[in-house]
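J.: Can you keep this structure in mind? I'll have questions shortly.
The values are calculated or read from the model by the stated rules, or taken from the named source; none is laboratory data. Keep in mind that this is a model prediction, so the values were computed, not measured. Cβ placement follows ideal geometry from the backbone for every residue including glycine, while neighbour counts extend to all protein chains displayed.
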Amino acid sequence: MSGLSLGLKHHDELLVRDLNLTLERGEIVGLVGESGSGKTMGSLALLGLLPPAVEVRAGEATLDGAPLLAGPGGAVHRRTGDITMIFQNARAALNPTLRIGFQIRRVLTAVRGMPRREAEAEALRLLGRVGIPGAARVAQAYPHQLSGGMCQRAVIAMALAFQPRVLIADEPTTGLDVTVQAQIFDLLRDLVAETGSSVLFITHDLAAVAEMCDRVSVLFAGQVMETAETVELFERPRHPYSEFLLASLAPEAPAPVEQGQTADAGVVAEEKGVDFSLPGCRFAHRCPHVFDACKEFPPMFPAGERHHYSCFLGREIPVVIAARS
Ligand SMILES: Nc1ncnc2c1ncn2[C@@H]1O[C@H](COP(=O)(O)OP(=O)(O)O)[C@@H](O)[C@H]1O
Ligand SMILES: [Mg+2]
């Protein structure tokens, strides 16, 4: 996906700006950012499932060379099941009035054209594959009879039924307890190794990225601040926002807050007299290092072969406003 920009209809402001993502086969790529940063909208665009108020302003996406999304208006061409998505609230993704087994079987018959008997057996196999004990019994159950963790497994089984090339996992373990979260992570990793699908792993939690992802893009206010291989980002972060996220992982730090604030950084820009109104850096108003250059929009600078970041810090001599005082 390249240059994806999304906006609200009849508004100039962009919800997502110039998002670039590449998924190699069998790769897990993270998209991390706080709530409202545009993670979900970015991925819904790929599925052609944007809410009516949101439109594609620019951008292209391809899957194995075939166009998925082309330009403004964002016509989407895709084969059913090439990309599937699993969500935070798995129970809500299931039809409450239908038995679990039937919901999976339906995908197998409708999308993959399996005969009913075969689909029944395959649905049970998939439920077993995602670690559901007593698959036959669970197949007969309705969503409300299952725990949140079991519902998420069932949804993953349903996603697998599509044999997707790309699986988008949007905060798949938020709200599940830590043990179940770890099991779901293990399951997703195993499935990737087994099927060679790619996963776009969306989260607000860098710890989850560390555990899951080969590469990661850090999103803030609809814009990628930094993108790197996961190890590289953890060892050599270049963007102040990445640093902030990493610092909040330290054991002595307060629990990472989804709507987080860097300590009093909100007033830093003001104190330094920097007017950070657009089109400057979107993180400027919360950045402890903000300086004059941040009034301009920072392009992506290379910091390594697969490492890019959008910040002027260390790029230009900070004509530090503080020098005025
Ligand atoms: N249904 C909607 N219609 C219009 N705008 C929306 C809708 N949902 C979210 N938005 C806007 O899109 C932005 C990005 O939201 P979203 O992609 O859901 O963020 P995230 O998934 O990172 O929490 C939000 O800040 C909000 O302003
Ligand atoms: Mg979201």
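J.: Look through the range 34-66, keep the residues that are of a type in the set (Ser, Thr, Tyr) and surrounded by 18 or more Cβ atoms within 10 Å (Cβ to Cβ), and return whichever of them is nearest to ligand 2 (Cβ to nearest atom).
T.: Step one: filter the range 34-66 for residues of a type in the set (Ser, Thr, Tyr), giving 35, 37, 40, 43, 62.
From what is left, the residues that are surrounded by 18 or more Cβ atoms within 10 Å (Cβ to Cβ) are 37, 40, 43.
Values: Ser37: 8, Thr40: 3, Ser43: 8 Å.
So the residue we want is Thr40.
J.: Something else: Could you please give the count of residues in the range 95-118 that are more than 19 Å from Pro133 (Cα to Cα) and surrounded by 16 or more Cβ atoms within 10 Å (Cβ to Cβ)?
T.: 5
J.: Looking at the range 160-214 only, could you name the residues that are surrounded by fewer than 19 Cβ atoms within 10 Å (Cβ to Cβ), within 16 Å of ligand 1 (Cβ to nearest atom) and among the β-branched types (Val, Ile, Thr)?
T.: Residue satisfying the conditions is Thr174 alone.
J.: Could you grab me the full set of residues in the range 268-289 that are at pLDDT below 90 and assigned to a loop (DSSP other than H, G, I, E, B)?
T.: Within the range 268-289, Lys272, Gly273, Val274, Asp275, Phe276, Ser277, Leu278, Pro279, Gly280 meet the criteria.
J.: Which residue out of Ala66, Ala45 is within 13 Å of ligand 1 (Cβ to nearest atom) and modelled with pLDDT under 95? Break it down stepwise before answering.
T.: Working: Ala66 fails: within 13 Å of ligand 1 (Cβ to nearest atom).
Matching residue, one of Ala66, Ala45: Ala45.
J.: Pairs needed: first member in the range 170-190, among the polar types (S, T, N, Q); second member anywhere, away from ligand 1 (no atom under 16 Å from the Cβ); C-beta distance under 6 Å; at least 6 residues apart or different chains.
T.: The qualifying pairs are Thr173/Gln181; Thr173/Ile184.
J.: In addition: Only one residue in Gly71, Gly81, Gly134 is away from ligand 1 (no atom under 16 Å from the Cβ), at pLDDT below 95 and closer than 18 Å to Gln183 by Cα, so which one is that?
T.: Gly134
J.: Scan Met85, Met150 and give me the residue that is surrounded by 21 or more Cβ atoms within 10 Å (Cβ to Cβ) and free of Cβ contacts under 8 Å to residues at least 24 places away in the same chain.
T.: Met150
J.: Quick one: is Gly3 more than 13 Å from ligand 2 (Cβ to nearest atom) and more than 21 Å from Pro72 (Cα to Cα)?
T.: no
J.: Which members of the range 225-239 meet the condition of being crowded, with 23+ Cβ neighbours inside 10 Å and in a helix (DSSP H, G or I)?
T.: Leu233 - this is the single residue of the range 225-239 that is crowded, with 23+ Cβ neighbours inside 10 Å and in a helix (DSSP H, G or I).
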